[in-house]
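Here the structure comes first, spelled out in structure tokens, and everything after it is commentary.
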Amino acid sequence: MPRPLSTETRSARIRRVRIAAPVADGRFCLNLADGERVAGRVEDPAAASASLAALSALVRRGAELSLGLYRLDDGSAWLHWAVGDDGQGLIPPSRAALRSAAARGLARWLPALALALAGLGGALWRIFDGFGWALLLVACAVAGLIAAIMVFEHAATLHRSRRDRRVAAASEQALAQALRLQGRPTGESRPAPDPRRRRGRRPAQAHVHAQTSVATAQAAPDLPPPAVPSRTRDPAAPDRPDHPRLRRWQGELSELTMEQIATGSSDSRRSFGLYRFRLGGQRFRFYAARDFGDHEPFLAEADRVELIAHGEPAQTGEEVLVYALHCLEDGRRYVAHTIFLARYSEQAMTRLTWPGMRRMARFLLAAGLGVVALIAAIGLCTAGGEDFGALLTVAAIFAGVVPGVLLLGFAVSRWRWRRGAGGRRRATAARVYAAMDLGPPWAWRLPADAVEV
């Protein structure tokens, strides 16, 4: 959750609840009757479906709800809690329960981290005494990385709890008062998430069916007008017969599901979120990268969208590949580039853009610096001397040269592209970007409301 600056309590009617797919992510957005939009998230994946179903039930009744809102630094609102006149609704675990769960998690993972670091140091010290020490080094490094991630997660929870304690305490006090007014004991609240559950882990069972059931329950029959105007236009015709045909579609998402898939070889495997939905009488598929640090699209059942997709399907009932999608509910535009690194070579547009190349260069630089740090640690533990000094110098140069060469090569390619050089993928990307009003695909950055997925 973004950092809250203040809290407020208000009574309002909710016109619609937008629940992002998949439900296990717990992301939602409330469209209030006065036009304001309030974002929120249920942090515990195990409780997301039940909590959002309870909130949707209150919305269907059309009752006025008491809302506890956080105001963020950009002026937007973030929902902390919501209760109806019967005391039911979306009630988060208390701050004390979250602190206790985080403290238990730290007590469990800190010894594991210390043990992994001790093993790592011992393996570095004896690295040349046998192959077994090298295996121990790798095992301790992996175990230490996992333990460090868990320690950081629980420590971050404690830090946020302390940082936001005044605002959170005021909101919890307002929640207790609202529950007392409805005659519900203030001690009844949802328990804190289990610290043994890694954040972001999703249940193995397909959350596709949960998304369909909850989203169908919350979709309002009389939707408000779109929040943003149309930004798309019909794509241009292909320059050559072998270039893919494109078509513009408009409508409301129905039968929206999302499943996580993995594609690629074992050494370059990527995770994707595969969004399947129906628009009118046609079915579509839209891919978004779902690895660490990737942006997750916010798409909900009955959202009004515009999209640029491949031409007519080869067979009746076949799913059509989506290149770009514009959600008219919040104005976000999503461009699918990453999937073309692994699939659809015949239909692909440019797979790497300037924002994508910058991310790749940062990753390679971080990996190179990690190798330099490892070599330096081995040299310090074994007193490697001049040979290790030369190896460290070569590694440091390599860590800086590879990202630089990568960016330089892309800059030259970008310069040639701007002057008319290009192939099928570049021509397809130019047509998609023009149809979505995204500017030229070789630009340094996308518009503020656009995201490369």
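The table that follows gives values for the structure above.
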| item | result |
| --- | --- |
| Table column - 3J(HN,Hα) (Hz), the range 149-161, Karplus curve with 6.51, -1.76, 1.60, x for Gly and Pro | 4, 5, 4, 4, 4, 5, 5, 5, 4, 5, 5, 5, 5 |
| Amide proton proximity set for LEU299, modelled H, under 5 Å, gap of 5+ | ALA21 |
| ASP129/LEU365 FRET efficiency (R0 41 Å; Cβ-Cβ; nearest 0.05) | 0.80 |
| Sites ALA170 and PHE398, calculated FRET efficiency, Cβ-Cβ separation with R0 51 Å, nearest 0.05 | 0.45 |
| Most to least accessible of HIS295, HIS154 (protein chains only, probe 1.4 Å) | HIS295, HIS154 |
| Extension reserve of the LEU115-LEU341 stretch, reckoned as 0.36 nm per residue once the Cα distance is removed | 77.4 nm |
| Pairwise FRET efficiency - PHE152 versus ARG99, Cβ, R0 = 22 Å, nearest 0.05 | 0.85 |
| Exposure rank, largest accessible area first [ARG18, ARG425, ARG283; 1.4 Å] | ARG425, ARG283, ARG18 |
| Alpha-carbon centroid distance for the pair the range 29-59 / the range 393-435, whole angstrom | 42 |
| Linear extension gain, VAL138 paired with ALA63, 0.36 nm per residue minus alpha-carbon span | 21.2 nm |
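The values are calculated or read from the model by the stated rules, or taken from the named source; none is laboratory data. All values derive from a computational prediction rather than experimental measurement. A quick note on method: Cβ atoms are made from the backbone with ideal geometry, for glycine too, and the neighbour counts reach across all protein chains shown. Calculation scope for accessible area: heavy atoms of the full protein, side chains included, ligands and nucleic acids excluded. Shrake-Rupley method; radii C 1.70, N 1.55, O 1.52, S 1.80 Å.
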